[in-house]
Amino acid sequence: MQRTVTLTAGQRAEFIELSDFFRILTDTSGATFSVEFYMNGARATDDASAVSSGYAERFLQGTFDKVVITPNIATTVSFVTRLGNEVRYDIPPTGKVSISAGAFAHGVKTVTTASSGMLGANGNRGYLLIQNKDAVGNIWVRVDGGGATVATGVQIGPGSTWEITGRLPTGAINAIGDIASNPNVLVVEG
């Protein structure tokens with residue numbers, strides 16, 4: 001189904017229709033959009049952000065039943081959703097793709113039997129790896145800024161690694177361990 005809608009800046013517009021294909025055809029202002037896909041109330045993919053005319057998403061395995069579009073500025077946008085069909089559009093996408101190549105911080109942390117800060121909040125976090133290099137001690141990591149406990153943390157056993165890519169936590173990261181002092185915890189943040 002093709003739709004043309006007028007949206008204000010930051011307005012979340014939801015459209016419900018079983019589909020496996022989505023494309024932004026045109027907009028009147030050169031806006032960029034964030035696009036969210038849902039299936040049965042749960043996110044179907046990671047969000048697309050700062051996309052513009054020509055952006056398309058094809059679900060090769062499965063479908064979505066709701067799409068949410070949010071423009072950065074007021075605009076009139078045309079888009080299409082389809083089930084089982086792909087729409088070709090001969091105007092290439094506008095805008096640019098930027099891949100940030102930032103520095104990585106590499107450090108060793110000591111984890112004790114009291115919850116303590118491992119990393120501060122970081123809204124630009126693009127990569128996180130935590131490796132417990134201790135031979136016997138377990139650690140539990142909490143990534144939402146709250147105090148880490150055995151009950152609320154993600155357990156990283158002796159010699160184990162936890163790597164997070166894609167959608168990363170931006171809050172402070174805290175940890176607690178089951179030995180008095182574990183100075184063998186490697187943390188890499190990018």
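No lab work stands behind these numbers, since they all come straight from the coordinates. Just so we're clear, the structure is a prediction, and the values are computed from it rather than from any experiment. Positions of Cβ are generated from backbone atoms using ideal geometry, with glycine treated the same way; all protein chains shown enter the neighbour counts.
Trp140 passes every criterion in (1) out of contact with any Ser or Thr (no Cβ under 6 Å at 6 or more places or on another chain); (2) under 26 Å from Thr45 (Cβ atoms) apart from (2). Within the stretch 39-72, if we keep just the residues that are within 23 Å of Thr8 (Cα to Cα) and among the polar types (S, T, N, Q), the residue that is surrounded by the fewest Cβ atoms within 10 Å (Cβ to Cβ) turns out to be Ser49. Could you check, for the stretch 7-28, whether at least one of its residues is under 12 Å from Leu83 (Cα atoms) and either without any contact (Cβ under 8 Å) to a residue 40 or more places away in the chain or exposed (fewer than 13 other Cβ atoms within 10 Å of the Cβ) (or both)? Looking for residues that are under 12 Å from Leu83 (Cα atoms) and either without any contact (Cβ under 8 Å) to a residue 40 or more places away in the chain or exposed (fewer than 13 other Cβ atoms within 10 Å of the Cβ) (or both), one finds at least one in the stretch 7-28, hence yes.
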